[in-house]
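Enquirer: After the structure tokens below, expect a handful of questions from me.
The values are calculated or read from the model by the stated rules, or taken from the named source; none is laboratory data. Just so we're clear, the structure is a prediction, and the values are computed from it rather than from any experiment. When we count neighbours, we look across all protein chains shown, and the Cβ atoms used for this are built from the backbone with ideal geometry, even at glycine. For accessibility, only protein heavy atoms count, side chains too; no ligands or nucleic acids. Shrake-Rupley method; radii C 1.70, N 1.55, O 1.52, S 1.80 Å.
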Amino acid sequence: MNKLKGRDFLSLADLNSDELKELLQLAAQLKSGQINLKCNKVLGLLFSKASTRTRVSFTVAMYQLGGQVIDLNPNVTQVSRGELLRDTARVLDRYLDILAIRTFEHKDLETFANYATIPVINALTDREHPCQILADLLTVQECFGKLDGVTLSYFGDGNNVANSLLLGCAMVGMNVRIATPANYLPNMEIVEKAKTIANGKREVIVTEDPQVAVKDAQVLYTDVWASMGQEQEANSRIPIFQHYQVNEKLVKSAADNVIVLHCLPAHRDEEITNAVIEGKQSQVWKQAENRMHAQKALLVSLLGND
Ligand code: CP
Ligand code: NVA
């Protein structure tokens, strides 16, 4: 477990496939109560965007480990008054044991990580949302009893969640398909990285056609059509994305044992219909719960357990 001690988690690509699988195994053991770990450290949460799940699941995970949390809302720190990130990073580094950051530009997260010696966790940037995908993979593992060979299809915006799904699915041997409108593709550098990881053994497909993506899919996944910071485009995006809605018709076109995931918060009857999110294939509440178990495993792994 101490293999990850002291490291940053800015992207799923910061782990190798074996480390990711070991982290998921640890999360399952912590969830089942098979092991019980303590870690008396202090986590800082520096979030420049709203958050319900990530904020609360990190906080409760840390409390359950016996640690403490400081909520560093940028509005009440000097960050909002323009203190340089590299200065803030070097100061927080001296107080905290670990820091989770939610921000806009991925490069701001990298600046923090470069200037802080403590582990820095990506709690969402415009580019990636790796903590979310830890919980998603744990959920797929629970529902199918395996990850290898399971096909996940994502419909909607090629955003941070889509980017991290590409990496995470490829790393655990899943097939991953991303269906997006032409001008809303995922990050192509990440697509290429996922293809390299999959090494021709598993699918990494980006398509404009939802019908191509849905065939035999075992996991249907969607996220909001306009992410935080894109609210002004929300209305104009609706007609562009309508074709990518996860609805009952799409669910019927997938594999018989399909499950439906959504990172939440959801906009009902936009990217997902109310009937589907409340329907029998939906595993979104289990998925949300798993944020806490997965992040608890991440915290003890990055902090070490000695
Ligand atoms: N899925 C997710 O990250 O939710 P929050 O924005 O509420 O943290
Ligand atoms: N793509 C969404 C995810 C929210 C958890 C956003 O960045 O707003």
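Enquirer: Hydropathy at least -0.5 by Kyte-Doolittle, axial extent at least 18 angstrom from the Cα trace: which helices of the chain, defined as entire DSSP H runs, fit?
Expert: The answer, listed by residue number, is 17-32, 130-144, 284-303.
Enquirer: Another question, then. Carbon-plus-sulfur fraction of the accessible area of segment 30-145, 1.4 Å probe, in percent?
Expert: Roughly 47 percent, rounded to a whole number.
Enquirer: Could I ask something else about it? Could you give the dipole magnitude of the chain about its Cα centre, charging the beta-carbon of Lys and Arg +1 and that of Asp and Glu -1, in debye to the nearest 20?
Expert: 700
Enquirer: Any chance you could count the Lys pairs in segment 4-107 whose alpha carbons are under 26 Å apart, treating pairs 8 or more apart or on different chains as valid?
Expert: Lysine pair count for segment 4-107: 11.
Enquirer: Would you work out if segment 1-129 is rounded, prolate or oblate? Take a ≥ b ≥ c from the square roots of the eigenvalues of the alpha-carbon gyration tensor; rounded if a/c is under 1.5, else prolate when a/b is larger than b/c, oblate otherwise.
Expert: In terms of gyration-tensor shape, prolate.
Enquirer: Given the peptides 176-183, 272-279, 87-94, 132-139, arrange them by the average over their residues of other C-beta atoms within 10 Å, most packed first.
Expert: Packing order, densest peptide first, comes out as 132-139, 176-183, 272-279, 87-94.
Enquirer: Counting other C-beta atoms within 10 Å, and keeping those with at most 13, which DSSP coil trypsin sites (Lys or Arg not before Pro) do you find in segment 1-55?
Expert: Filter output for segment 1-55: Lys38.
Enquirer: Further question on the same structure: Quick one: length gained pulling Asn257 to Val42 fully straight, 0.36 nm per residue minus the C-alpha distance?
Expert: That pair, Asn257 and Val42, stretches by 73.2 nm at full extension.
Enquirer: Can I ask one more? Measure off 7 Å from each Cα along the Cα-to-Cβ vector at Asn114 and Ile205, then give the distance between these two points in nanometres to one decimal.
Expert: Here the answer is 4.0 nm between the modelled labels.
Enquirer: I would also like to ask the following. Which of the listed residues, Ala194, Leu72, Gln230, is farthest toward the dipole's positive end in the chain, when Lys, Arg count +1 and Asp, Glu count -1 at the beta-carbon?
Expert: Working it through, the farthest residue towards the positive pole turns out to be Leu72.
Enquirer: For Val206, list long-range residues whose amide hydrogen, built 1.01 Å from N in the peptide plane, is under 5 Å from its own amide hydrogen.
Expert: The answer is Ile178.
Enquirer: Using 0.36 nm per residue of separation minus the Cα-Cα distance, give me the extension gain between Glu192 and Asp87 in nm, one decimal.
Expert: Contour length minus the Cα-Cα distance gives 34.3 nm.
Enquirer: Still on this structure: Treating cross-link reach as a plain straight distance, find the aspartates and glutamates whose alpha-carbon is under 15 Å from the alpha-carbon of Lys201, omitting any fewer than eight places away in the same chain.
Expert: Within reach: Asp148, Glu192.
Enquirer: Rounded, prolate or oblate for the chain? Axes are the square roots of the Cα gyration tensor eigenvalues, ordered a ≥ b ≥ c, and the cut-off for rounded is a/c under 1.5.
Expert: It comes out prolate by the Cα gyration axes.
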